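Have a look at the structure below before the remarks.
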Amino acid sequence: MISERQNEILKALVKEYIKTAEPISSESLAKKHDFGLCPSAIRIEMNFLIKTGYLEQPHTSAGRIPTDKAYRYFVDFVLTNQREEKKENKIEEIIEGIIKEKMEDRYKLASRLAKFLADTSSGFAIVHFLNNDLSWKEGWEEIAKEPEFKDNDFIQSFVGLLQDFEEKIKKFDVRGVKIFIGKEIPLPHTQGLSLICSSCPISKSEKAFISILGPKRMDYNRNINLIYSLHRALGDLA
């Protein structure tokens, strides 16, 4: 267990790292967030978070970055927060409009939904028909702009995961919405990646596996909302 103070520091650090893709220092956290602590006190809390597996320090003089454990902690917080929100979901309204417009042609609907997911998430979207093994993929250009794509190991992981993905997609046990972070993805080549996915009806006779794939440093708040909204909107097609 971590303290409330460590909880706030950890959530703030994950959010900052998602924005910047740069290791976060105690000085930068002290400037941007009112924890009521000086940088040295924040550093003590960050060192505790390193010892407990939530953070790591890439270089001796660098700031800290989240581990898979930190991302999972953050995602669980996002999910709890979203369940408590009662505000109108405009994303769901847009998805419902796409479904009404393209519902008569499931192939056009799959293509349009993949494009919408990729554009809105800035991630890589895949809509895969489970019955006849057809896939629509969108988002190559946007995801290639992410800083992680400067790393050859990350590129190899991303390409390797895509190669395994369609072959082994039916082995995924997805009921509702699932978020897999790093090694949680039940496939090889998962270094640095996260997957948010759902199995949804796309017509009366077809079920689709719909997912957003991207760096672990993705915008979980936005992307989880996207997949949940899509899951709810497509639920009526069953």
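Relative contact order for the range 181-232: what percent, with Cα pairs under 8 Å and sequence separation of 6 or more?
On the way: 62 pairs, mean separation 16.6, N = 52.
Answer for the range 181-232 is 32 percent.
Normalising by the residue count of the chain, find the relative contact order in percent from Cα pairs under 8 Å and 6+ residues apart. Please list the in-between numbers first.
Details: 345 pairs, mean separation 41.2, N = 238.
Over the chain, the number comes to 17 percent.
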Helix-only mean residue ellipticity at 222 nm, the chain, DSSP H runs n ≥ 4 weighted -39,500 (n - 2.57), per residue, nearest 500. What is it?
-16000 deg cm²/dmol
Please compute the length gained on full extension between A62 and K145, using 0.36 nm multiplied by the number of residues separating them and subtracting their Cα-Cα distance.
27.5 nm
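Of all trypsin sites (Lys or Arg not before Pro) in the range 137-209, which ones are in loop regions per DSSP and have a Cβ with at most 10 other Cβ atoms within 10 Å? Write out the running numbers ahead of the final one.
Working: sites: K137, K145, K150, K168, K170, K171, R175, K178, K183, K204, K207; in loops: K145, R175, K204.
Here the sparse-neighbourhood loop sites are K145, R175, K204.
How big is the dipole moment of the chain about its Cα centre under a simple scheme where the beta carbon of each Lys and Arg is +1, that of each Asp and Glu is -1, and everything else is neutral? Debye, nearest 20, please. Intermediate values should be presented prior to the final figure.
On the way: 36 positive and 36 negative charges, 68 e Å.
Once rounded to the nearest 20, the dipole reads 320 debye.
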Share of Cα-Cα pairs in the range 1-112 beyond 21 Å, whole percent, is 50
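Extension gain K170-E22, at 0.36 nm per residue separation less the Cα-Cα distance, in nm?
Numbers: separation 148, 0.36 × 148 = 53.28 nm, distance 3.60 nm.
So the chain would gain 49.7 nm between K170 and E22.
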Once Rg/Rh (Cα atoms, Kirkwood Rh) is worked out from the coordinates, which option in (1) 0.96; (2) 1.01; (3) 1.10 does it equal?
(2)
Percent RCO, i.e. relative contact order, over the range 1-60, from Cα pairs under 8 Å lying at least 6 residues apart
34
Positive end of the charge dipole of the chain (Lys, Arg +1 and Asp, Glu -1 on Cβ, about the Cα centre): tell me which of A125, V159, Y54 has its Cα farthest that way.
Y54
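Roughly speaking, what is the stretch gain from Y107 to N152, that is 0.36 nm per residue apart minus the C-alpha to C-alpha distance, in nm to one decimal?
On the way: separation 45, 0.36 × 45 = 16.20 nm, distance 3.42 nm.
Length gained, Y107 through N152: 12.8 nm.
Here, each number is a calculation from the coordinates, and none is a lab measurement. Treat the numbers as computed from the prediction; the structure is a model and nothing was measured. Note that we place each Cβ from the backbone using ideal geometry, even for glycine, and neighbour counts take in every protein chain shown.
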